[in-house]
1. Just checking, does region 304-317 include any residue being more than 24 Å from the chain's Cα centre (by Cα) and at pLDDT 95 or above?
2. Filter region 388-411 for residues that are open to solvent by 50 Å² or more (accessible area, probe 1.4 Å) and within 12 Å of Arg361 (Cβ to Cβ) and give the result.
3. Cβ-Cβ distance below 7 Å, separation of 6 or more or different chains: which pairs start in region 368-382 with a residue that is open to solvent by 20 Å² or more (accessible area, probe 1.4 Å) and end on one that is part of a loop (DSSP other than H, G, I, E, B) and among the aliphatic types (A, V, I, L, M)?
4. Could you tell me which of the residues Thr27, Thr35, Thr57 is free of Cβ contacts under 8 Å to residues at least 60 places away in the same chain and surrounded by 14 or more Cβ atoms within 10 Å (Cβ to Cβ)?
5. Give the residue, chosen from Ala308, Ala321, that is of a type in the set (A, V, I, L, M, F, W, C), out of contact with any Gly (no Cβ under 6 Å at 6 or more places or on another chain), touching a residue at least 24 places away in the same chain (Cβ under 8 Å) and over 20 Å from Lys391 (Cα atoms).
6. List pairs: first residue in region 123-139 and crowded, with 18+ Cβ neighbours inside 10 Å, second residue part of a strand (DSSP E or B) and among the β-branched types (Val, Ile, Thr) anywhere in the structure, Cβ distance under 9 angstrom, at least six positions apart or on different chains.
7. Which is buried (at least 21 other Cβ atoms within 10 Å of the Cβ) and among the charged types (D, E, K, R), of Glu297, Glu266?
8. Based on this model, can you work out whether Gly286 counts as crowded, with 22+ Cβ neighbours inside 10 Å and at pLDDT below 95?
Amino acid sequence: MAEPLWTSDEILAATSGSLAGAPFAATGVSIDTRTLEPGDLFVALAGVRDGHEFVQTALDRGAAGVLASQAVTGPAVMVGDTLAALEQLGEAARRRAPQVRRGAVTGSVGKTSVTQAIRAGLLRAGRGYSSVKSYNNHIGVPLTLARMPRDTERAVFEIGMNHADEITPVARMVQPHAVVITTVAQAHIENFAEGEAGVARAKAEIFDGLQPGGTAVLNADNPWFDYLAGAAKAHGAEVLAFGSAPSCAAQLTDFSLADGGGARVEARLRGGAVDFTLSQSGHHWGLMSLAALLMMEALGVDQADALAALAAFQPLEGRGAEQRVALPGGAFTLIDESYNANPASVAAALRTLGLRQTDGRRIVVLTDMLELGPKSAAYHAGLAEEIEAAKVDLVFCAGPMMKSLWRALPPTRQGAYAESAEALEPLLTRAIEPGDLVMVKGSRDSKAKALFDALSGLESRSGEAV
């Protein structure tokens, strides 16, 4: 039997709750019965559906016990507020493992991928731990902490935000020894009256949780570097810069796509030359790999392990993963960038596409970028310049905001436009030919993933009679 992650006595001590039913021991923590594992503690959170409605399902699926604020059947720790109790459990997990070197990652682009790249290095160096998926908000961060094994040596946490004052409380829960802000860009800016300046201030909240004398890894090529560096130093942090300038602790000197996939990076790390390969081919990974290297160094990972981790780290689903899709007469290459989108991330993806060699057409499928505020139409239309620079042959657009881009494109680049992803799908799937290089990019709520799935599904239909 696995060693308990939490006993009911430990949960009681962390939450000041009361025990209902028999004592228990849990090997994990879950907030979702769909992914719950036997032995988990089920935390009944309020939400669109009250988690207490699923307590019996959790117990039927093998939950060891429940953290609840309403009377339930089965063993439980009763508290007044289950979210507050989850936060207390997360903080208790941090306190009982003082040996852990903790890192935290935020930024407008690349948070999840950089977090997982760092995780790969931590695992090579010893007992590493990290966030899963994009568990980066007021629920995901305490949940990730609460799941942290007590013998962990190094851990990295992803921290996100949509509004001001969201990062500070979760950063204080984590209390990282090192943090990285990948970049500041036009993401969620409709929620900030000051636009990008408000985003920069919100990202700087991560320093509120930084341990005294901690490390802040910052993007010197970003216009907000000076502001962020000043904010970090005001919190007593050592600032390590990554970027293209010789003054950076990690300087990118060259990035090129490698034959057969991936990329090659040439850099100077603290003045010494270092060349390494990546499984990633995204242009932005030149800088992001340096951010990951500096973070791994700050968390005690030696350079050999860090470089090996970066070389093996594969693109994540929705963030650059690609596949070959068979059609009658040949195959096309499909790139999945469907997880999310803002002007900076779309521009980076287009630059990467422009570097790719292809015998067929370069095709881009774009859905609306969301939460961009009153300048949304201009941001969408502005993508036309990046599309031209990337030598894209055809553009397929879906969504009311993408109409601004559609109108800015020359007729020779206009593949098809529709008001919704659903309406675009038949126009798109009929247009794809063997040899094409196709990238799908957009925000989750504008259904870019549905278009990717439709294109990926062409392979299963390629043998059908027509």
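1. Restricting attention to region 304-317, the residues satisfying the condition of being more than 24 Å from the chain's Cα centre (by Cα) are 304.
Right, trim to at pLDDT 95 or above and you get 304.
The answer is yes, given that some residue of region 304-317 is more than 24 Å from the chain's Cα centre (by Cα) and at pLDDT 95 or above.
2. Answer for region 388-411, where residues must be open to solvent by 50 Å² or more (accessible area, probe 1.4 Å) and within 12 Å of Arg361 (Cβ to Cβ): Lys391, Asp393.
3. So the pair list comes out as Ala377/Met401; Tyr379/Met369; Tyr379/Leu372.
4. Only one candidate passes the filter, namely Thr27.
5. Only one candidate qualifies: Ala308.
6. Gly128/Val156; Tyr129/Val156; Ser130/Val156; Ser131/Val105; Ser131/Val156; Asn136/Val105; Asn136/Thr106
7. That would be Glu297, the only listed residue that is buried (at least 21 other Cβ atoms within 10 Å of the Cβ) and among the charged types (D, E, K, R).
8. yes
The values are calculated or read from the model by the stated rules, or taken from the named source; none is laboratory data. Since the model is a prediction, treat every value here as computed from it, not as a measurement. Counting neighbours? That spans all protein chains shown, and the Cβs are built from the backbone with ideal geometry, glycine included. Quick note on the areas: whole protein, heavy atoms, side chains included, nothing else; ligands and nucleic acids left out. Shrake-Rupley method; radii C 1.70, N 1.55, O 1.52, S 1.80 Å.
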